Amino acid sequence: MTTENQPSAGDAATITECMVDGSFSLILLFLFLWGLYSQRLARIELTAPVAFVLLGLLLTEGLGVLDLAPSPGTVRTLAEVTLTWVLFTDAARLSFQALRPELGLYVRLLLLGLPMCIGLGTLLAMGLLPEVSGWSALFVGAALAPTDAALGATMMVNPVVPGRIRRLINVESGLNDGIATPFVVLALAGVAAAGSTSSTHASGSALVEIAIGLVYGTVLGLTAGWLMRSALRRGWATEAVAGSGVLALALLGYTSAIAIGGNGFIAAFTAGLAFGSMQGAPQRVLLFVEQSASLLSVLVWLLFGAVLVPAAVAHLTWQAVLYAVLSLTAVRMVPVAVSLMGSGLDSRTVLFVGWFGPRGLASVIFGLLAIEELDPSASRTIVPVVACTVLLSVLVHGITSAPLARRYGRASRITGATPAGPAMDELPIRGMVAGTSPDHTP
């Protein structure tokens, strides 16, 4: 994760060839069709991640009509830009004032549950996965800790589920990828330096980069938020063009942090937090940035299904499959249950929140970055685990989202176990997600 990732002339030529190639046109066609019929497809509980992963698999492995062989530089650029925008927007869209009534629950999940999830996942990887070092185990545990509410989008827009619980799951999903990123950065540095005398130096350098990213991102976000708020209030800027400026700001946080020796991802996330705390832009402006990130995210999902899944299957082991099952169940649900003890939530709600911790976009991008950063022998031992876990999550959480939401919502109304809490606006859900379908009525 350094500055040595500038696209070369060869990469530029590859991108140009892809744009005039029939494969790229086919992808654009499916994006357009999804925009036309996403609401209709929501009636059969088909979310964007599920649709584009299956589409990638079908077109490459099933029908063989799509030939995707992107260069490493193209994959890396797509992954880094997508993660930067996702980290920034997930953080910037949060209103700390609106979160205050349920702050205790968010703190429990993010500062207690998430570290426990990373630790438990790391220990399981060390004990179960063959040829996995301590740093590799930490990468697996950290890369698979973030959740993605978009994989349970039909639940997230279903009004039968109490808004308080949907918001809890959504806020956790919006922040845990940024909190897990420093662990991923540190683990990747450790894996890359494993077996050499520079191992300690590499880990120390990663910590310095993280610290610089935290400080720089905070200063940049606060300054930019104040400037944007002042410009909009005085009429020096309009919301019609402010979105483009915020889009550039997110990437600026990444690129400029790298230029001064910091970590770009950490800077983008903290800049988003600081920008949001200053209320630098209204939600309508942030929606433009989120929609741009959503467009890239579906391309990442397509790439995941077309490239990463087939490559991972070739090196899949029974240990990886078992780890994936445990990661989605015990590794997620036990820390959630422990962190929510004494919170006042009933056991049914705790189980519901624990189950809806899908592994999604952030984990995919971390896996793609591992392929680019590490040598093949190192990536072959850990990337299949990440790919298998995400693929299983896409399927099982996509299938169970609607029926479990209806069952839990009915039970909640009968028992009154989950009060609605104070009225507050719902956070947008990451991803190209259709709105509430006609079937999703109370």
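The values are calculated or read from the model by the stated rules, or taken from the named source; none is laboratory data. Remember, it's a predicted structure, so these values are computed and weren't measured experimentally. Backbone-built Cβ (ideal geometry, glycine too); neighbour counts: all protein chains shown.
What are the residue pairs meeting all of these: first residue in the range 396-409, first residue under 20 Å from Ala51 (Cβ atoms), second residue surrounded by fewer than 16 Cβ atoms within 10 Å (Cβ to Cβ) and modelled with pLDDT under 90, Cβ atoms under 9 Å, and 6 or more apart or on different chains?
Close Cβ pairs (under 9 Å, with a partner that is surrounded by fewer than 16 Cβ atoms within 10 Å (Cβ to Cβ) and modelled with pLDDT under 90) amount to Ala402/Asp439.
Test each condition in (1) in a helix (DSSP H, G or I); (2) touching a residue at least 60 places away in the same chain (Cβ under 8 Å) for Pro130 and report the one that comes out false.
Status for Pro130: all satisfied but (1).
Taking the residues in the range 219-232 that are within 16 Å of Gln283 (Cβ to Cβ) and not aliphatic (A, V, I, L, M) as candidates, determine which candidate is farthest from the chain's Cα centre (by Cα).
Arg229
Could you check Thr381 against (1) hydroxyl-bearing (Ser, Thr, Tyr); (2) out of contact with any Asp or Glu (no Cβ under 8 Å at 6 or more places or on another chain); (3) more than 30 Å from Ser412 (Cβ to Cβ); (4) buried (at least 16 other Cβ atoms within 10 Å of the Cβ) and say which number it fails?
Failed condition: (2).
Give the number of residues within the range 231-268 that are on the phi < 0 side of the Ramachandran plot and not in a helix (DSSP H, G or I).
Selection size over the range 231-268: 7.
Can you give me the ranges of the helices (runs of 4 or more DSSP H) entirely in the range 133-230 with at least 1 residues that are under 24 Å from Ile371 (Cβ atoms) and touching an Asp or Glu at 6+ places or on another chain (Cβ under 7 Å)?
163-193
Name, by its number, the condition in (1) surrounded by fewer than 23 Cβ atoms within 10 Å (Cβ to Cβ); (2) in contact (Cβ under 8 Å) with a residue 60 or more places away in the chain that does not hold for Met341.
In the conditions (1) surrounded by fewer than 23 Cβ atoms within 10 Å (Cβ to Cβ); (2) in contact (Cβ under 8 Å) with a residue 60 or more places away in the chain, Met341 misses (2) alone.
Check the range 374-389 and report whether any residue there is modelled with pLDDT under 85 and outside any helix (DSSP H, G or I).
The answer is yes, given that some residue of the range 374-389 is modelled with pLDDT under 85 and outside any helix (DSSP H, G or I).
To keep it simple, each residue is scored yes or no on (1) among the charged types (D, E, K, R); (2) at pLDDT below 85; (3) over 27 Å from Val246 (Cα atoms); (4) not in a helix (DSSP H, G or I).
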| site | (1), (2), (3), (4) |
| --- | --- |
| Leu28 | no, yes, no, no |
| Gly35 | no, yes, no, no |
| Leu58 | no, yes, yes, no |
| Thr74 | no, yes, no, no |
| Ala79 | no, yes, no, no |
| Gly104 | no, no, yes, no |
| Leu123 | no, no, yes, no |
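When you go through Leu124, Leu111 one by one, which is the residue that is closer than 21 Å to Met341 by Cβ and either over 20 Å from the mean Cα position of the chain (by Cα) or surrounded by fewer than 17 Cβ atoms within 10 Å (Cβ to Cβ) (or both)?
It is Leu111.
Give the residue that is modelled with the highest pLDDT, with candidates limited to residues of the range 285-324 that are β-branched (Val, Ile, Thr) and part of a helix (DSSP H, G or I).
Val321
Here are Phe24, Phe96: which of them is closer than 26 Å to Pro335 by Cβ and either among the β-branched types (Val, Ile, Thr) or at pLDDT below 75 (or both)?
From the options Phe24, Phe96, the qualifying one is Phe96.
Of the numbered conditions (1) modelled with pLDDT under 65; (2) not in a helix (DSSP H, G or I), Leu46 fails exactly one; give the number of that condition.
With respect to (1) modelled with pLDDT under 65; (2) not in a helix (DSSP H, G or I), Leu46 is out only on (1).
From Leu144, Leu175, which residue is at pLDDT 85 or above, touching a Lys or Arg at 6+ places or on another chain (Cβ under 6 Å) and either within 23 Å of Arg108 (Cβ to Cβ) or of a type in the set (S, T, N, Q) (or both)?
Leu144
Mind counting the residues in the range 256-284 that are more than 20 Å from the chain's Cα centre (by Cα), at pLDDT 90 or above and among the polar types (S, T, N, Q)?
1
For the range 362-395, enumerate the residues that are under 16 Å from Val132 (Cα atoms), of a type in the set (Ser, Thr, Tyr) and touching a residue at least 12 places away in the same chain (Cβ under 8 Å).
Hit for the range 362-395 is Thr381, nothing else.
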